[in-house]
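The values are calculated or read from the model by the stated rules, or taken from the named source; none is laboratory data. Since this is a predicted model, take the numbers as computed values, not measurements. For neighbour counting, all protein chains shown are included, and Cβ atoms are generated from backbone atoms with ideal geometry for every residue, glycine included. We work out accessible area using only protein heavy atoms, side chains counted, and drop any ligands, DNA or RNA first. Shrake-Rupley method; radii C 1.70, N 1.55, O 1.52, S 1.80 Å.
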Amino acid sequence: MITLHHLENSRSQRVLWLLEELGLPYEVRRYARNPKTMLAPPELARVHPLGKSPVITDGEVTVAESGAIVEYLLDTYGRGRLRPGAGTPERRQFTYWLHFAEGSAMPPLLMKLVFDKVRSAPVPFFVKPVVKGIADKVTKSFIAPNIERQLDFMEAELAARPWFAGADFSAADIQMSFPLEAAAARAGLDARYPKLTDWLARIHARPAYRRALQAGGPYDMAG
């Protein structure tokens, strides 16, 4: 039995979705974030030394990192599903987006979240203008342009094909769901990006996505 160690409002939601798309039996062990720090609880460190989610256990095997989990599940249980054939252009696209999601898309989104919190953090009144000024400058000069450039790039890619790896839905779309849901919640993905907006609507309509939400509990990317 595969066990998903599931942290609320985290990347592990898309692993739940992949498990549902593959129709695999699994169990969910839920972990709540610390309400003050929003960090994972120490119990997760008993599963993996870094104490982060997602992580799965499958018998004696423990796998962490979203992309590694996706590849493990497809290699072990996929039977050719949700991944284009080896050596095809679609497979190269699949591999690219599987890594793009965390390697390129998430860093500026995470930086935006951090600097938004810095901007609103309680500090002495005489320091607040300085803190806010630094946060605004970094956001305006670096973070926002990078996010916009990436959204423009992804919009153009989906103008050429319906799914990230090609004509068919794949696990690359599952992997891309977290950064794009985060961008829609708090980083400017709106009606200016009709292809991305349509893509989000289509993944949210998938029965396996809806089952994963039921299995994982509340999922709010706006926080």
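Looking across region 43-75, the residues that are at pLDDT 95 or above, of a type outside the set (Gly, Ala, Ser), assigned to a helix (DSSP H, G or I) and open to solvent by 20 Å² or more (accessible area, probe 1.4 Å) come down to Glu71, Tyr72, Asp75.
Does Asp173 qualify as being of a type in the set (Asp, Glu), farther than 22 Å from Asp190 by Cα and touching a helix residue (DSSP H, G or I) at 6+ places or on another chain (Cβ under 9 Å)? So Asp173 does not fit the description; no. When region 164-185 is limited to residues that are acidic (Asp, Glu) and open to solvent by 10 Å² or more (accessible area, probe 1.4 Å), the one that is farthest from Gly87 (Cα to Cα) turns out to be Glu181. Can we say Glu102 is in contact with a helix residue (DSSP H, G or I) (Cβ under 9 Å, 6 or more places away or on another chain), over 15 Å from Ala165 (Cβ atoms), part of a helix (DSSP H, G or I) and open to solvent by 40 Å² or more (accessible area, probe 1.4 Å)? It is true that Glu102 is in contact with a helix residue (DSSP H, G or I) (Cβ under 9 Å, 6 or more places away or on another chain), over 15 Å from Ala165 (Cβ atoms), part of a helix (DSSP H, G or I) and open to solvent by 40 Å² or more (accessible area, probe 1.4 Å).
Quick check on my filter: what residues within region 203-223 are charged (D, E, K, R), surrounded by 14 or more Cβ atoms within 10 Å (Cβ to Cβ) and in a helix (DSSP H, G or I)? Outline the logic, then answer.
Initially, region 203-223 is screened for residues charged (D, E, K, R), giving 206, 210-211, 220.
Cutting the leftovers down to surrounded by 14 or more Cβ atoms within 10 Å (Cβ to Cβ) gives us 206, 211.
Scanning region 203-223 gives a single hit, Arg211.
The residue that is modelled with the lowest pLDDT, counting only those in region 1-18 that are in a loop (DSSP other than H, G, I, E, B) and within 16 Å of the chain's Cα centre (by Cα), is Asn9. Residues in region 19-33 that are at pLDDT 95 or above, loosely packed, with under 15 Cβ neighbours inside 10 Å and in a loop (DSSP other than H, G, I, E, B): 2 in all. Taking the options Thr95, Thr88, Thr37, name whichever one is at pLDDT below 90 and open to solvent by 30 Å² or more (accessible area, probe 1.4 Å). It is Thr37.
Within region 1-37, the only residue that satisfies the criterion of being over 15 Å from Pro218 (Cα atoms) and touching a Gly at 6+ places or on another chain (Cβ under 8 Å) is Leu22. Among the residues of region 13-52, those that are polar (S, T, N, Q) and either free of Cβ contacts under 8 Å to residues at least 24 places away in the same chain or farther than 22 Å from Ile203 by Cα (or both) comprise Asn34, Thr37.
Yes/no per residue for (1) open to solvent by 30 Å² or more (accessible area, probe 1.4 Å); (2) out of contact with any Gly (no Cβ under 7 Å at 6 or more places or on another chain); (3) under 24 Å from Ser66 (Cβ atoms):
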| site | (1), (2), (3) |
| --- | --- |
| Val123 | yes, yes, no |
| Val127 | yes, yes, no |
| Gly133 | yes, yes, no |
| Asp136 | yes, yes, no |
| Ser141 | yes, yes, no |
| Pro162 | yes, yes, yes |
| Tyr193 | no, yes, yes |
